[in-house]
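Trainee: The structure follows.
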Amino acid sequence: MSDVVLKVNDLKAWFDDFNAVKGIDLEYKRNTINAIIGPSGCGKSTYIRCLNRIHEEVAGAKISGEVLLEGKNIYAPDADPVEVRKHIGMVFQKPNPFPAMSIFDNVVIGPRLWGERNKKNLEEIAYKSLQKAALWDEVKDKLHQEGTSLSGGQQQRLCLARTLATNPPIILMDEPTSALDPIAAAKVEDLMMELKDEYTVIVVTHNMQQAARVADYTSFFVLGELIEHGLSSDIFTNPKNQKTEDYITGRFG
Ligand SMILES: Nc1ncnc2c1ncn2[C@@H]1O[C@H](COP(=O)(O)OP(=O)(O)OP(=O)(O)O)[C@@H](O)[C@H]1O
Ligand SMILES: [Mg+2]
């Protein structure tokens, strides 16, 4: 098995005529955390939304290039977007538990949609996913309360549990801690590091300290282009590109 789990070749994305992502080439290794940083509006969200075929859900969206998951292009004519999203899960910036739905039902919605009906199995999936998302202890006595009744930080971990319940080898996170207080953010960061043993994580963040702390690799985007990519330890201490240096030292963007 190659250690590259996801390979992106000349990926471009548009909103109608506007070219938001301008030809990205990147590789992601198994069991690594990969940060994407860059000024607001530079295409980070658009880029990761292309990695699990969510971008195409926007009217006027267009995409070119390849995203190879274990060597297979997720944009091949016979690739099924629903199947792709089983392998590449996503946690959004704003926690989005399904409203009027219990904590339990929120977590197991994926497995249920794909046909799991056995109550014991669903309970097992909910337990494991909530454990992994470090939320179990806080919700174990109220699994039948609505997901939206939880605090913001708990909702974010609930959404992570919902993603983990489908067991995708790759997890995309778009600013997962930007709405959280420092303690909840630290919990999600700890989680990311634990998840690395089993998953590959790609995370968009505006928090440089966070990227430097948790990410093995960091990519710096500006205006839809990849300016620099490398080990976080290099990017944050010894960037090669002047723009990267200006950005991480706060003189740019
Ligand atoms: N639905 C949309 N329709 C048209 N243009 C869009 C749409 N969503 C984003 N854009 C444009 O695409 C560009 C990239 O946006 P994107 O959301 O990917 O940036 P970002 O790097 O995630 O920014 P931020 O850090 O603020 O989240 C921006 O110029 C934005 O205005
Ligand atoms: Mg964004």
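Just so you know, all these numbers are worked out from the coordinates, no wet-lab data involved. Worth saying up front: this structure is predicted, and the values here are computed from it rather than measured. Positions of Cβ are generated from backbone atoms using ideal geometry, with glycine treated the same way; all protein chains shown enter the neighbour counts.
Trainee: With the radius of gyration and the Kirkwood radius both derived from the Cα set of the stretch 57-171, what is their ratio Rg to Rh?
Mentor: 1.03
Trainee: List the longest stretch of the chain that has no exposed loop site; here a site is one of the trypsin sites (Lys or Arg not before Pro) assigned by DSSP to anything other than H, G, I, E or B, with at most 15 other Cβ within 10 Å.
Mentor: 1-116
Trainee: Related question: Using the structure shown, list the pairs from Lys7/Lys44; Lys12/Lys240; Lys196/Lys240 with a Cα-Cα distance above 21 Å, or answer none.
Mentor: On the way: Lys7/Lys44 17 Å; Lys12/Lys240 24 Å; Lys196/Lys240 27 Å.
Pairs exceeding the cut-off: Lys12/Lys240; Lys196/Lys240.
Trainee: Now for a different question. Could you list Ile202, Ile171, Ile36 so that the one with the fewest beta carbons within 10 Å of its beta carbon is first and the one with the most is last?
Mentor: Going from least to most buried by this count: Ile171, Ile202, Ile36.
Trainee: Follow-up question, since we're still on this one. Once phi is turned into ³J(HN,Hα) by the Karplus curve 6.51 cos²θ - 1.76 cosθ + 1.60 with θ = phi - 60°, what whole-Hz value does each residue of the stretch 123-132 show in order, with x for glycine and proline?
Mentor: Ordered by residue, 3J(HN,Hα) equals 5, 5, 4, 4, 4, 4, 5, 5, 4, 4 Hz.
Trainee: Relative to the longest principal axis of the C-alpha atoms of the chain, give the angle of the C-alpha long axis of helix 152-164, reported between 0 and 90° and rounded to the nearest 10°.
Mentor: 90
Trainee: Also, quick follow-up: Can you spot the lysines whose alpha carbon is less than 27 Å from Lys120's alpha carbon? Ignore those fewer than 8 places along the same chain.
Mentor: Lys120 reaches Lys86, Lys128, Lys132, Lys140, Lys142.
Trainee: Continuing with this model, one more query. For Cα pairs less than 8 Å apart in space and 6+ apart in sequence, what is the mean separation divided by the residue count of the chain, i.e. the relative contact order in percent?
Mentor: 26
Trainee: Just to confirm the number: angle between the C-alpha axis of helix 103-113 and the first principal axis of the chain, 0 to 90 degrees, nearest 10?
Mentor: Once rounded, one gets 80 degrees.
Trainee: Moving on to the next point. For Val222, enumerate residues with amide H under 5 Å from its amide H, sequence gap 5+ or separate chain, H modeled in the peptide plane.
Mentor: When sequence neighbours closer than 5 places are left aside, the close amide H contacts are Ile227.
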